[in-house]
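Novice: Have a look at this one before I ask anything.
The values are calculated or read from the model by the stated rules, or taken from the named source; none is laboratory data. Just so we're clear, the structure is a prediction, and the values are computed from it rather than from any experiment. Cβ coordinates were reconstructed from backbone atoms using ideal geometry, including for glycine residues, and neighbour counts include every protein chain displayed.
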Amino acid sequence: MQSPAARRGALRRLVATGVAAAIAGLSLAACSSGSGGSDHTLTVQVQAAQVPAFKNVVAKFEAQNKGVTVKLQTLTDEQKITTNGQIMAGNNAPDVGIVPTNAQSYTDLIKAKALLPLDDVWEKSDLESRYGSAIADSLKSNGTPYVVLFDKTLYNIIFYNKTAFEQAGITAPPDRQIASNDDLYQIVSALKGKGYEGIANGGNDGYRWGWMLDAQLYANASKSAFDDLTTSWQAGHKQKVKYTDPEFTDSVKQIKDWYDHGVFPEGVLGQSDDQAQALFTSGKAAMILDGAFSPPEIDKEKPGFEYDWVLMPGATAGKPTIPTAYAGDTFAIPKKAKNPALAKKFVELFVSDEMQAEQAKITGALPAVTTVDPATIPSLGEKVQSIVAYTKDKGSGVGWTSVLPGGLAQSFFDPQMQKVLGGQQTIAQLAQNQQQQFETFTSQNAR
Amino acid sequence: MSAPRAVSASGLAVEATSRARGRPGPLQRRTSRAVLVTLLPGIVALVLFFGVPIVELVRTSLSSWTGIGDEEFIGLRNFQQVLGDTAVLKALLNSVLLGTGSAIGICVLATILGALVSAGIRGSRVYRIVWFLPGIAPPSAVAVFWSLSVQPHSGAVNAVLGALGLGDTHAWLAQASTALYVVIAVAIWQGAGFAFLVILGAMEEVPVSAYEAAAIDGASPLRRFFSITLPLIRPVLSMVVLLEAIWAFNGFTLVWGMTKGGPGDATAILPVQVYKDAFQFGNFGPAAAIAVVGGVILLAFGFVGQWLGSRKAADE
C-alpha cells in the first residue's frame, strides 16, 4: 500500500513520462513528415479518370530515377476547382498538383505567389513552340509560366443517335453544322414526334450552360468584342465591351430561345451530367451536349445504337459554331513542394512526345503538344479522330469560361443562366449581375 | 487498512482547521488538483477542436482572404456585405424553411409512427427496423437516389404517378417553385427513422397505469394520445424538433447532392452559400461571416428551444 506522498510521486512520474513520450512522439512524427516524405517519395495529384495514364508515366519515371517512389493523390472534378487551392498552398502540398487555369484557385495561387515559376521546364521541353503561341500565351501570367499543360480537349459537340434520326426522317447536315435555329427546332420536333427527347444536358452541374455560351460567343460576337470579353479582366486592360452589350446578351438569348422551344429534355435544370448521359445512352434523348472525351464513356455504356456528331447553330443563320478547345488542365509545382527538382523532372517526362502519345492512347485525351499528331494515334477512335480532323480544317474556338477565372465566368455564370431559364430573372438582369461581378472581380483581383 | 484511515482522519482535521482559517486544506487541494487533472484532457480537447476553430472563424469573418496567402483585417465590412446581399438573405430564408419544414415534418411523422408501434400494431417489431433504415443510409447516397427517382419519365416516382394516370413528366427539381419542397420531403424521409426511435423510447417510458386509469375513465385512444402521451413526451419531442431543425439547417450534403443549390439559387441554403463563396469564388471572409451569422441564429434558436422545452416540462 503506497502512502499519499508516494502516490503523488508516482503520479508526477507518470505525468512526466507521459509528457516526455508525447514530446518524443511528436518529434518523431515531425521528423518523419519532414524527411521520410521528402527524399524518395514524390507526391503527384491525378484525376480518377487519368490514373491509368499516370501510372504508365510513373512506371517510366521510377525506372529512370532509382530509389524514387511516386505516390499518386487522387482528386475529384469538384476538388480540383474548389478545395485543392488550399492544399496546394498548405504545408502538406503535393510535389506536382493539378490546377485548372480557369479555376478561381489558379488566380488566387498566382496572387499569393504560391507556385514556382516553370520557365526552366518550359525551356527544357521547348513548350513555347510545342504548344503553339496562342496556347503558350494563355498559360502565362504576366509573361511567366507557372503551369504546364498536360492534355487538351474539344467540347460543344452534339452527339446524336443515328437510329433516332433515321426513324424521325432526319438527314444529318453533311458539313456537321446545323445551319439555323429553325433547322434545330425542326430536328427536335421530328424527334419528339417519334418519342425522343432533344439534347440531354447536365443542366444543374454548374458548367454546361457556360459551355454553350462559349460556342455562341465565339460564333456570334465580333472578333474585337470576343477578344475584349476574354481579356478585359486582366491587369492593364480596359473593358470596351460590357456584359450588358448585345455582343454578350445575344448569345445568352440564343440559349434561352432553345430552352423555350423545348430543345432540351423536360427537367433539364434538375439533371446532372450522369443523368444526361443516362438519358442519351438509354435511347430516351436523341442528342447530348458533350466533348471529344465522351465517346469512350458512351461506348462503355454499350448504347445499342450507332451515333455520330453535329454542331449547334449560331445566332445568325449560316454562321454556325465550331468545337471549343479547352487547354486548361495543367500541372503546377507549389512553392512548398518537398521535391521541386524531381517534380520538374516528372513534369518534363509527362510532356515528352512519347508520354503524350501514350497518355492519349490510354485516356483518349488529346495531346497537349503539337508535336504529337492525334491522327497518328488510332486508339483515339474514329469519332475523336473525325472531330480532330474537322478542327484541323475549320479551326476550334476559344471558350470564354475556359480562359476567364472561375469566380468571374464558369462558377458565376451557370447559376445565373439557370435563373434565366427557370424564369427567376431576365436576360437584362443576368447581364447587369455579370457586369457587376466583373467590376467587383477586377477591383479585387486583377488591377 | 487502519493507517490510511488514520491519515485520512488526520487530513480531515487539518482541512477543517484550514477551512476555519479560510484556506483550502491538503485534501481539498488534492481533490481540486485531481479534478483539474481529470478535466484537463477534456478542456484541452474543447479548446483545440471547438475554441480555436471558432476564434479562427470569427477572425476570418473580419478579414479579406482568398483562402491562400495573407489575411487583411477589414473590420465588420464582410458582415455589412453579407447582410445586404440578396443571395445570402435568400439562402437564410431557404435554411429556415428547410430547418423548420423538415423538423416539423419529421416529428409529426415520427410521432405517428411511434404511436402506432407503441400501440402494438401488427408487425411492429419489423417496423422498428424498417422505419429506421433510411436514417442509416449515407446522405450522399440518399441525395443521388432521390434526385434520380424524381426525374421526369425515367424516375421511379414519376413512373408510379404515370401508372396512376397522374402524368410522368413532373420536373420538380427543375422548377424553382418546387425544388426546395422535394429536398424537404427527402430530409423528412431520411430523418424520421432516428426521431421515431427516440420518440418511441419516450412513449414506452409513459407509465401503463396512466393509460389504464384513463381507459377506466372512458377516454378514447385518441384522447389518451393527446392528453397523456403527448404531454408526457413533450420534453423529448421538443429536443428532437430542436436537433432535427439544426441538422436540416446545416444539411449541406443533401442539398448539394440533389440540386447544388439550384436551379439558380432556389435551394441554396447558408452552408451552400458558404461553400460557394469560399471555394468557388475565393471569398473566405464573407463565407466566414455567413457561417458566423448562421451559428448565432442556431445558438439563439437552440437557447429558445431548450427554454421552451424545459419550461413546458416544469409546468407538468
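Novice: Testing A:G407 on (1) crowded, with 19+ Cβ neighbours inside 10 Å; (2) in a helix (DSSP H, G or I); (3) of a type in the set (G, A, S); (4) out of contact with any Asp or Glu (no Cβ under 8 Å at 6 or more places or on another chain), one condition comes back false. Which one is that?
Specialist: (2)
Novice: Oh, and also: Go through the stretch A:421-439 and count every residue that is within 14 Å of chain B (Cβ to nearest Cβ) and free of Cβ contacts under 8 Å to residues at least 60 places away in the same chain.
Specialist: Here the count works out to 8.
Novice: Right, something else. Against the conditions (1) away from every other protein chain (no Cβ under 14 Å); (2) within 20 Å of the chain's Cα centre (by Cα); (3) farther than 30 Å from B:P221 by Cα, where does B:V55 fall short? Just the number, please.
Specialist: Failed condition: (2).
Novice: Can you pull out every residue in the stretch A:103-116 that is more than 9 Å from chain B (Cβ to nearest Cβ) and either over 19 Å from B:Y275 (Cβ atoms) or surrounded by fewer than 24 Cβ atoms within 10 Å (Cβ to Cβ) (or both)?
Specialist: Answer for the stretch A:103-116, where residues must be more than 9 Å from chain B (Cβ to nearest Cβ) and either over 19 Å from B:Y275 (Cβ atoms) or surrounded by fewer than 24 Cβ atoms within 10 Å (Cβ to Cβ) (or both): A:I110, A:L115, A:L116.
Novice: Does the stretch A:204-212 contain any residue that is modelled with pLDDT of 95 or more and polar (S, T, N, Q)?
Specialist: no
Novice: Taking the stretch A:423-442 on its own, how many of its residues are at pLDDT below 95 and among the small types (G, A, S)?
Specialist: Number satisfying all stated conditions: 1.
Novice: May I pose another question? Report, ordered by the first and then the second residue, all pairs with beta carbons closer than 7 Å, sequence separation of six or more or different chains, a first member in the stretch A:250-273 that is on the phi > 0 side of the Ramachandran plot, and a second member that is assigned to a helix (DSSP H, G or I) and surrounded by fewer than 24 Cβ atoms within 10 Å (Cβ to Cβ).
Specialist: Correct list of pairs: A:G262/A:V188.
Novice: Does the stretch B:76-88 contain any residue that is touching a residue at least 24 places away in the same chain (Cβ under 8 Å), hydroxyl-bearing (S, T, Y) and assigned to a helix (DSSP H, G or I)?
Specialist: Within the stretch B:76-88 (the criterion being touching a residue at least 24 places away in the same chain (Cβ under 8 Å), hydroxyl-bearing (S, T, Y) and assigned to a helix (DSSP H, G or I)), the answer is no, since none of the residues qualifies.
Matching residues to (1) more than 30 Å from A:N142 (Cβ to Cβ); (2) in contact with a Phe, Trp or Tyr (Cβ under 8 Å, 6 or more places away or on another chain); (3) among the aromatic types (F, W, Y):
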| residue | (1), (2), (3) |
| --- | --- |
| A:S224 | no, no, no |
| A:T230 | no, yes, no |
| A:W233 | no, yes, yes |
| A:K253 | yes, no, no |
| A:F264 | yes, yes, yes |
| A:M287 | yes, yes, no |
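Novice: OK, next. Between a residue in the stretch A:237-248 that is in contact (Cβ under 8 Å) with a residue 12 or more places away in the chain and any residue that is basic (K, R), which pairs come within a Cβ distance under 8 Å, given they are 6 or more apart or on different chains?
Specialist: A:F248/A:K242
Novice: When you scan the stretch A:241-258, do you find a residue that is part of a helix (DSSP H, G or I), in contact with a Ser or Thr (Cβ under 8 Å, 6 or more places away or on another chain) and farther than 20 Å from A:I322 by Cα, even just one? Walk me through it before giving the result.
Specialist: From the stretch A:241-258, those part of a helix (DSSP H, G or I) are A:246-258; that's our starting set.
Imposing the further condition that a residue be in contact with a Ser or Thr (Cβ under 8 Å, 6 or more places away or on another chain) reduces the set to A:247.
Restricting the remaining residues to those that are farther than 20 Å from A:I322 by Cα gives none.
Among the residues of the stretch A:241-258, not one is part of a helix (DSSP H, G or I), in contact with a Ser or Thr (Cβ under 8 Å, 6 or more places away or on another chain) and farther than 20 Å from A:I322 by Cα, which makes the answer no.
Novice: A further question on this structure: On the given criteria, is A:P334 touching a residue at least 40 places away in the same chain (Cβ under 8 Å), in the same structural domain as A:N91 (by TED's automatic domain parsing) and in contact with a Gly (Cβ under 7 Å, 6 or more places away or on another chain)? Can you show your working first?
Specialist: Details: touching a residue at least 40 places away in the same chain (Cβ under 8 Å): yes; in the same structural domain as A:N91 (by TED's automatic domain parsing): yes; in contact with a Gly (Cβ under 7 Å, 6 or more places away or on another chain): yes.
Criteria met by A:P334.
Novice: Name the residue that is farthest from B:G99 (Cα to Cα), counting only residues in the stretch B:248-287 that are β-branched (V, I, T) and not in a loop (DSSP other than H, G, I, E, B). Please lay out each step first, then the result.
Specialist: Going through the stretch B:248-287, the residues β-branched (V, I, T) turn out to be B:253, B:255, B:259, B:267, B:269, B:272, B:274.
From what is left, the residues that are not in a loop (DSSP other than H, G, I, E, B) are B:253, B:255, B:272, B:274.
On the way: B:T253: 14, B:V255: 12, B:V272: 14, B:V274: 17 Å.
If we take residues in the stretch B:248-287 being β-branched (V, I, T) and not in a loop (DSSP other than H, G, I, E, B), then B:V274 is farthest from B:G99 (Cα to Cα).
Novice: Are any residues in the stretch A:244-265 in contact with a strand residue (DSSP E or B) (Cβ under 9 Å, 6 or more places away or on another chain) and within 14 Å of another protein chain (Cβ to nearest Cβ), and if so, which ones?
Specialist: A:G262, A:F264, A:P265 - these are the residues of the stretch A:244-265 that are in contact with a strand residue (DSSP E or B) (Cβ under 9 Å, 6 or more places away or on another chain) and within 14 Å of another protein chain (Cβ to nearest Cβ).
Novice: Check the stretch B:189-211 and report whether any residue there is among the small types (G, A, S) and within 30 Å of A:A278 (Cα to Cα).
Specialist: Step one: list which residues in the stretch B:189-211 are among the small types (G, A, S), which gives B:191-193, B:195, B:201-202, B:209-210.
Those still in the list that are within 30 Å of A:A278 (Cα to Cα) too: B:191.
For the stretch B:189-211, residues among the small types (G, A, S) and within 30 Å of A:A278 (Cα to Cα): present.
Novice: Please count how many residues of the stretch B:102-158 are of a type in the set (G, A, S), within 14 Å of another protein chain (Cβ to nearest Cβ), surrounded by 15 or more Cβ atoms within 10 Å (Cβ to Cβ) and over 20 Å from the mean Cα position of the chain (by Cα).
Specialist: Number of matching residues: 4.
Novice: Turning to a different aspect of this structure: Out of all the residues in the stretch A:79-88, is one or more more than 14 Å from chain B (Cβ to nearest Cβ), surrounded by fewer than 18 Cβ atoms within 10 Å (Cβ to Cβ) and under 17 Å from A:F331 (Cα atoms)? Before you say what the answer is, go through the steps one by one.
Specialist: Of the residues in the stretch A:79-88, the ones more than 14 Å from chain B (Cβ to nearest Cβ) are none.
There is no residue in the stretch A:79-88 that is more than 14 Å from chain B (Cβ to nearest Cβ), surrounded by fewer than 18 Cβ atoms within 10 Å (Cβ to Cβ) and under 17 Å from A:F331 (Cα atoms).
Novice: Return yes or no: is B:I233 within 20 Å of the chain's Cα centre (by Cα), more than 14 Å from chain A (Cβ to nearest Cβ) and either at pLDDT below 90 or under 30 Å from A:G422 (Cβ atoms) (or both)? Full working, then the answer.
Specialist: Working: within 20 Å of the chain's Cα centre (by Cα): yes; more than 14 Å from chain A (Cβ to nearest Cβ): yes; either at pLDDT below 90 or under 30 Å from A:G422 (Cβ atoms) (or both): no.
Answer is no for this residue.
Novice: Check every one of the helices (runs of 4 or more DSSP H) wholly within the stretch A:45-109 and list those with 1 or more residues that are touching a helix residue (DSSP H, G or I) at 6+ places or on another chain (Cβ under 6 Å). Quick ask: steps written out before the conclusion?
Specialist: Working: elements: A:51-64, A:77-81, A:84-89.
In the stretch A:45-109, the matching helices (runs of 4 or more DSSP H) lie at A:51-64, A:84-89.
Novice: Now for a separate question. Out of A:Q432, A:Q424, report the one residue that is assigned by TED's automatic domain parsing to the domain that holds A:G270 and either in a helix (DSSP H, G or I) or of a type in the set (D, E, K, R) (or both). Before the answer, list the steps.
Specialist: Numbers: A:Q424 fails: either in a helix (DSSP H, G or I) or of a type in the set (D, E, K, R) (or both).
Matching residue, one of A:Q432, A:Q424: A:Q432.
Novice: Condition first: of a type in the set (F, W, Y) and more than 8 Å from every other protein chain (Cβ to nearest Cβ). Now tell me which residues in the stretch A:392-420 satisfy that.
Specialist: Initially, the stretch A:392-420 is screened for residues of a type in the set (F, W, Y), giving A:400, A:412-413.
A:W400, A:F413 - these are the residues of the stretch A:392-420 that are of a type in the set (F, W, Y) and more than 8 Å from every other protein chain (Cβ to nearest Cβ).
Novice: Scanning for something in contact with a helix residue (DSSP H, G or I) (Cβ under 7 Å, 6 or more places away or on another chain) and closer than 30 Å to A:G85 by Cα, does the stretch A:300-319 turn up at least one residue?
Specialist: no
Novice: Looking at the structure I just gave you, is A:E123 more than 14 Å from chain B (Cβ to nearest Cβ), at pLDDT 95 or above, within 27 Å of the chain's Cα centre (by Cα) and assigned to a helix (DSSP H, G or I)?
Specialist: Values: more than 14 Å from chain B (Cβ to nearest Cβ): yes; at pLDDT 95 or above: yes; within 27 Å of the chain's Cα centre (by Cα): yes; assigned to a helix (DSSP H, G or I): yes.
Spelling it out, A:E123 is indeed more than 14 Å from chain B (Cβ to nearest Cβ), at pLDDT 95 or above, within 27 Å of the chain's Cα centre (by Cα) and assigned to a helix (DSSP H, G or I).
Novice: Out of the residues in the stretch B:163-192 that are crowded, with 21+ Cβ neighbours inside 10 Å, within 19 Å of B:I269 (Cα to Cα) and within 10 Å of chain A (Cβ to nearest Cβ), which is farthest from the chain's Cα centre (by Cα)?
Specialist: B:A174
Novice: Here's another thing I want to ask about it. Would you kindly identify the helices (runs of 4 or more DSSP H) lying entirely within the stretch A:268-384 that contain at least 3 residues that are within 19 Å of the chain's Cα centre (by Cα)? Steps first, answer last, please.
Specialist: On the way: elements: A:273-281, A:294-300, A:340-350, A:353-363.
Once the helices (runs of 4 or more DSSP H) in the stretch A:268-384 are filtered for at least 3 residues that are within 19 Å of the chain's Cα centre (by Cα), what remains is A:273-281, A:294-300, A:353-363.
Novice: Something else about it: Quick one: is A:K240 modelled with pLDDT of 95 or more, under 24 Å from A:A134 (Cα atoms) and surrounded by fewer than 24 Cβ atoms within 10 Å (Cβ to Cβ)? Show your work before the answer.
Specialist: Numbers: modelled with pLDDT of 95 or more: yes; under 24 Å from A:A134 (Cα atoms): yes; surrounded by fewer than 24 Cβ atoms within 10 Å (Cβ to Cβ): yes.
Yes; evaluated as a whole, the condition is true for this residue.
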